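Remarks on the structure that follows.
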Amino acid sequence: MTSRYSGLFPLTFVLLWSTGFIGARLGLPHAQPLTFLLIRYVAVIGFMLAVAVVTKASWPRTGAQWFHIGVAGLLLHCIYLGGVFIAIFRGLPAGVTSLVVGVQPLLTAVGAGWLLGEIVLVRQWAGLALGLVGVSLVVFGKTGTAFGIDALVPAICALTGITAGTLYQKRFCQPFDWRTGAVAQFLPTALVTWLVALATEDFRVQWTGDFIFALGWLVLVLSIGAVSLLNWLIRHSAAVNMASLFYLVPPFTALFAWILFGDTFSVVGLFGMAITVFGVYLARR
């Protein structure tokens, strides 16, 4: 069953992951960033723990497995998501945030050769370069909102986290069950997020309809659906092939923002989307 539909997993992942920036934009006006994420993590842990117990899923068997899965979770969720949410909360436009994080495929290509011994072909380098150009065109003209270095730094931290997390999980994590693996990843993530939030926030939340919808969407669709696909793709794809998919996130984020919020979507943006798709095709072919 999985092999029959696995060809749809990359596109499905891109579509789901792209909505994360939309969910953050919808929910962050009603809660502080780390408080928002902490509630999200606790909900994911509770849900996936129940699923794992009911379905009798297999748990990591050694302390080393727990450790490596936990470290990957800290990098992929705590640092990446924390950086993205703090950047947007501090005024960095979602498009600019996705552009900063969009450098990840190039950094992953460098790390894949160095840490994983993967060979990156000239055609793939060309595709990665084209993808970055296309992503830049997609968000071109969306930088009118003023922002400071305090908003940019968390986005750079997010870029570091998603790149290091992808390489770390590919290198050190043995195959693990997606249900218990989610619990193992989000437990240390929730703990660290709670400690940082305890020192920097006062846990204020406005339980509006928008916030509840955004929270539910990010828990069920992103943290369970998209993250499970991400773990599958990391396990079954070359690091460069998997990372190149992140180039498609900003174009689809811009498309969703155009549909849902009426954001402008220029001819240059459409041209950039076409270049991005072609670049990803070269990198993954």
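Extension gain, E201 to R284, is 25.7 nm, computed as 0.36 nm per intervening residue step minus the present C-alpha separation. Our summary gives the chain a relative contact order of 40 percent, counting only alpha carbon pairs under 8 angstrom and 6 or more residues apart. Kyte-Doolittle mean at least 0.5 and Cα extent at least 30 Å along the axis: which DSSP H helices of the chain qualify? Helices meeting the span and hydropathy rule in the chain are 33-55, 149-172, 178-200.
Among L34, L8, S223, whose Cα projects farthest towards the positive end of the dipole of the chain, with charges put on the beta-carbon of Lys, Arg (+1) and Asp, Glu (-1)? Sorting the options by dipole projection puts first L8. Remark: the chain carries a charge dipole of roughly 680 debye about the Cα centre, counting +1 on each Lys and Arg Cβ and -1 on each Asp and Glu Cβ. For Rg/Rh (Cα atoms, Kirkwood Rh), the candidate list reads [x] 0.99; [y] 1.04; [z] 0.95; the entry that matches the value derived from this model is [z].
The dipole here belongs to the stretch 79-207: it is taken about the Cα centre, uses +1 on the Cβ of Lys and Arg and -1 on the Cβ of Asp and Glu, and is about 240 debye. Think of each Lys and Arg Cβ as +1 and each Asp and Glu Cβ as -1; about the Cα centre, that makes the dipole of the stretch 160-285 roughly 600 debye.
Scoring 45-52, 228-235 by mean Cβ neighbours within 10 Å over their residues and listing the highest first yields 228-235, 45-52. Apply 1/(1 + (r/R0)^6) to the Cβ-Cβ distance of F271 and V122, taking R0 = 22 Å, and write down the FRET efficiency to the nearest 0.05. So, using R0 = 22 Å, E works out to roughly 0.35. Note on R61 and L115: the model spin-label points, each 7 Å out from Cα along the C-beta direction, lie 2.6 nm apart. Take the Cβ atoms of F213 and R171, set R0 to 35 Å, and the FRET efficiency comes out at 0.40. Taking a label point 7 Å from the Cα of V51 along the Cα→Cβ vector, which residues of the stretch 224-266 have an amide N closer than 15 Å to it? Output list for this probe position: 224-233. Here the Gaussian network model covers the chain, with springs between Cα atoms less than 10 Å apart; of V96, V183, V268, V268 fluctuates the most. In plain terms, the chain from I156 to L191 could stretch by 10.4 nm, reckoned as 0.36 nm per residue minus the Cα-Cα distance. Considering only T19, A158, V54, and ranking their Cα positions along the charge dipole of the chain that arises from unit charges at the beta-carbon of Lys, Arg, Asp and Glu, the one farthest toward the positive end is V54. Peptide packing: for 126-138, 76-88, 9-21, the average count of neighbouring Cβ atoms within 10 Å per residue gives the ranking 76-88, 126-138, 9-21, highest mean first.
With contacts taken as Cα pairs under 8 Å and at least 6 residues apart, the stretch 96-226 reaches a relative contact order of 33 percent.
Only helices enter the 222 nm calculation for the chain: every DSSP H run of n ≥ 4 contributes -39,500 (n - 2.57), and dividing by all residues gives -23000 deg cm²/dmol, rounded to 500.
Read-outs: derived from the displayed coordinates by stated rules, not from any lab. All of these numbers come straight from a predicted model, not from anything done at the bench. No Cβ is skipped: glycine too gets one built from the backbone with ideal geometry, and neighbour counts run over all protein chains shown.
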